[in-house]
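Below: one structure, written as structure tokens.
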Amino acid sequence: MTITSPPSPAAPTPAAGRLSLQCEAIAADTTAIRSLDWDRSRFDIEFGLRNGTTYNSFLVRGELTALIDTSHLKFAGTWLPLLQEQIDPRSIDYLIVSHTEPDHSGLIGHLIDLHPEIEIVGSKVAIQFLEHQVHRPFRSRAVKSGDELDLGTNPDSGVQHRFEFLSAPNLHWPDTIFSFDHGTGTLYTCDAFGLHYCSEQLFDSDPGAIAPDFRFYYECLMGPNARSVLQALKRMDALPEISTIAVGHGPLLREHLSLWLDDYRAWSSQRSAGEAYAAICYVSQYGFCDRLSQAIARGVAKAEAGVQLVDLRATDPQELSALIGEASAVVVPTWPAEPDPELQASIGTLLAALKPKQWLACYDAYGGNDEPIDSVAGTLRSLNAQEAFTPLRIRQVPGAADYQRCEEAGTDLGQLLSRAKTIAAMKALDADLDKALGRLSGGLYVVTARQGHGEAARSGAMVASWVSQASFEPPGITVAVAKDRAIESLMQVGDRFVLNILREDNHQKLLRHFLRRFPPGADRFAGVTVLEEAAEGGPVLGDALAFLGCRVAQRMEGPDHWIIYAEVEQGKVADNSASTAVHHRKVGNHY
Ligand SMILES: Cc1cc2nc3c(=O)[nH]c(=O)nc-3n(C[C@H](O)[C@H](O)[C@H](O)COP(=O)(O)O)c2cc1C
């Protein structure tokens, strides 16, 4: 059954976009109730969505009944009535909470109101978080890896639904558990293995269509926790055969399951292959700490350096000590001026575990009553450590530009950690090959991009010469963009950018300007003439010979660059008598 109701009258504001629900059987005695949020364009402010998202919940009926996760508050007016059509909420015995992020737990309070006796099953941390979230008394059961919940045998199907739980901390919240139904072979993983992709396709029947979003989601949410992903995969290996991964976002994984599992294994192994890593600490559910930490972590990962997010509230002291002690760099948030005793103890453990020679840095959590950042920075400085980046001061509710600054600071830090590897890779080229490769030449260009307006604007620019026309009709070009370029985040599929073509007789000044080392979040256009409205995707440089307005259509992943294929939507030459600046090189291991 598919119920479509765009847009829902229950949507809190008309701007919430089209919302609909889908309700389908997915296995014996198991129903998926998916909330389809077609037009959601941002997930956390810095995480742009191209294809909306879904919030998936599941109803499993044995002798007893369990509901797995709920939905986003914006679906209150439609999701609850649909659930009531399926089952009298008072006959649901258990609500399994995979984790307590509001997009899945937004209707738990409503459910408790309908059925105060429902027993909530989740990790110990999830139960603690929920107490602060729902502000109502509720019955609960804390579970950990290896614990079981037996719903008994469904009298019609004869299938016994016995759940086994697996702890999966950090995927992507600290309180995450997976639930495996031995009766159907279905593993419920909520955020892990998910993707932000809204369609009525219930399963992964078109892997080509969803692969880019699956990868993007992994990079944003799972990559920074690659070590935790590997731990979770190890726990999953001990399960009997998994038939379906019932994710909390996007289509369920069944038809190409091994493909997705292999991806997670390969990407996570690559990221945590015994190399130097940065521990990015945060305090869960405190201010904007977790989102800011994720932006920093994403930046580190762009530079191909290892990264590990560390929740100071939920990591046990021994693990915390090991994660901090073994890290090559540690980034800490400002913490509450009056932390509760447990957090106070964690901060003590953190400071005691720091080692000389580590790179250290700090950022504002923007939690309200934070310890001032200067005092945190002073504490770190007193340890005689090396400063990885200047303290990230955040003086207002963080917006797109703050997240961009955090990401760029993270990339600077990542580059510090991967410097030795990069130099070794450059030296590894055979001398003859290197010289021959150096005979490839290109033009000289500046790629510019700008998204959003005012406070929410994010922009970037980079000098490029690895640019080539790649299609006649429609006209298309490719640009090779290093994975750790700041501007890379603004060149996702669907994004627009401008290729400024430099003039032979007047390009040195622009090169000098754009090749400077810019601090994180700096305005790269200060001091250059730009024609703001000339193109849609970004500033056009006043001194450029010509520009092309482009829209990213595809991204191909190379070892150290993304090959970005873009369709050219507009273009103009400023001076027909001038020619394009050409870049001749001598060696192939530099641009
Ligand atoms: C002549 C020249 C050509 C370049 N071409 C490219 C290119 O095609 N792709 C790329 O990713 N970087 C290229 N670069 C490097 C970047 O322009 C530059 O290092 C970058 O703007 C700084 O990194 P950031 O923007 O991430 O801070 C080139 C650099 C030079 C000097």
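The values are calculated or read from the model by the stated rules, or taken from the named source; none is laboratory data. Not measured: the values here are computed from a predicted model. For neighbour counting, all protein chains shown are included, and Cβ atoms are generated from backbone atoms with ideal geometry for every residue, glycine included. The accessibility values were calculated without ligands, DNA or RNA, using every heavy atom of the protein model including side chains. Shrake-Rupley method; radii C 1.70, N 1.55, O 1.52, S 1.80 Å.
The residue pairs whose first member lies in segment 117-145 and is under 23 Å from L166 (Cβ atoms) and in contact (Cβ under 8 Å) with a residue 60 or more places away in the chain, whose second member is of a type outside the set (S, T, Y) and in a strand (DSSP E or B), and whose beta carbons are closer than 8 Å, counting only pairs six or more residues apart or on different chains, are S145/F165; S145/L166.
What do you reckon, is R450 more than 10 Å from the ligand (Cβ to nearest atom) and open to solvent by 20 Å² or more (accessible area, probe 1.4 Å)? Here the answer is yes, as R450 does meet what is asked. Summed over segment 430-458, the residues that are more than 14 Å from A480 (Cβ to Cβ) and under 34 Å from the mean Cα position of the chain (by Cα) give a count of 13. The single residue among P251, P212, P174, P240 that is buried (at least 24 other Cβ atoms within 10 Å of the Cβ) and either out of contact with any helix residue (DSSP H, G or I) (no Cβ under 9 Å at 6 or more places or on another chain) or within 26 Å of T411 (Cβ to Cβ) (or both) turns out to be P174. Which of the residues that make up segment 500-523 are open to solvent by 40 Å² or more (accessible area, probe 1.4 Å) and either without any contact (Cβ under 8 Å) to a residue 12 or more places away in the chain or near the ligand (Cβ under 8 Å from one of its atoms) (or both)? Residues satisfying the conditions are Q508, R512, L515, R516, R517. Of the residues P174, P240, P224, the single one that is more than 13 Å from Y264 (Cα to Cα) and modelled with pLDDT under 90 is P174. For segment 271-289, a residue qualifies if it is within 18 Å of G325 (Cα to Cα) and either out of contact with any Pro (no Cβ under 9 Å at 6 or more places or on another chain) or open to solvent by 20 Å² or more (accessible area, probe 1.4 Å) (or both), and the qualifying residues are S272, A273, G274, E275, A276, Y277, A278, A279.
Among the residues of segment 448-499, those identified as among the acidic types (D, E) and not in a helix (DSSP H, G or I) are E473, D484, D495. A Cβ distance below 8 Å, combined with a sequence gap of six or more or placement on separate chains, defines the contacts here; from segment 336-363, residues that are touching a residue at least 40 places away in the same chain (Cβ under 8 Å) reach residues that are assigned to a helix (DSSP H, G or I) and open to solvent by 10 Å² or more (accessible area, probe 1.4 Å) in the pairs W359/L416; W359/L417; A361/L380.
With respect to (1) open to solvent by 30 Å² or more (accessible area, probe 1.4 Å); (2) within 12 Å of the ligand (Cβ to nearest atom); (3) among the small types (G, A, S); (4) within 30 Å of W359 (Cβ to Cβ), the lone exception for A425 is condition (2). Here V573 does not fit the description of being within 16 Å of the ligand (Cβ to nearest atom) and of a type in the set (A, V, I, L, M, F, W, C).
Among residues of segment 472-484 that are within 29 Å of A301 (Cα to Cα) and of a type in the set (S, T, Y), those with a beta-carbon under 7 Å from a residue that is more than 12 Å from the ligand (Cβ to nearest atom) and open to solvent by 20 Å² or more (accessible area, probe 1.4 Å) at least six positions away or on a different chain give the pairs T478/A470; T478/Y565. For segment 138-164, the candidate set comprises residues that are outside any strand (DSSP E or B) and of a type in the set (D, E, K, R); within that set, the residue that is most open to solvent (accessible area, probe 1.4 Å) is D156. Here Q386 fulfils each of the conditions (1) touching a strand residue (DSSP E or B) at 6+ places or on another chain (Cβ under 8 Å); (2) open to solvent by less than 40 Å² (accessible area, probe 1.4 Å) apart from (2). All but one of (1) touching a Pro at 6+ places or on another chain (Cβ under 9 Å); (2) open to solvent by 30 Å² or more (accessible area, probe 1.4 Å) hold for L292, so report the exception by its number. All conditions are met except number (2).
Only residues that are touching a strand residue (DSSP E or B) at 6+ places or on another chain (Cβ under 7 Å), open to solvent by 10 Å² or more (accessible area, probe 1.4 Å) and under 21 Å from N154 (Cα atoms): list them for segment 66-102, please. Residues satisfying the conditions are Q86, I87, S91, D93, Y94.
Among the residues of segment 483-499, which ones are under 18 Å from P212 (Cα atoms) and near the ligand (Cβ under 8 Å from one of its atoms)?
Listed by number, the list holds a single entry, E488.
Which of the numbered conditions does S418 fail, given that it passes all the others? Conditions: (1) out of contact with any Gly (no Cβ under 8 Å at 6 or more places or on another chain); (2) not in a helix (DSSP H, G or I). Only one criterion in (1) out of contact with any Gly (no Cβ under 8 Å at 6 or more places or on another chain); (2) not in a helix (DSSP H, G or I) is unmet by S418, namely (2).
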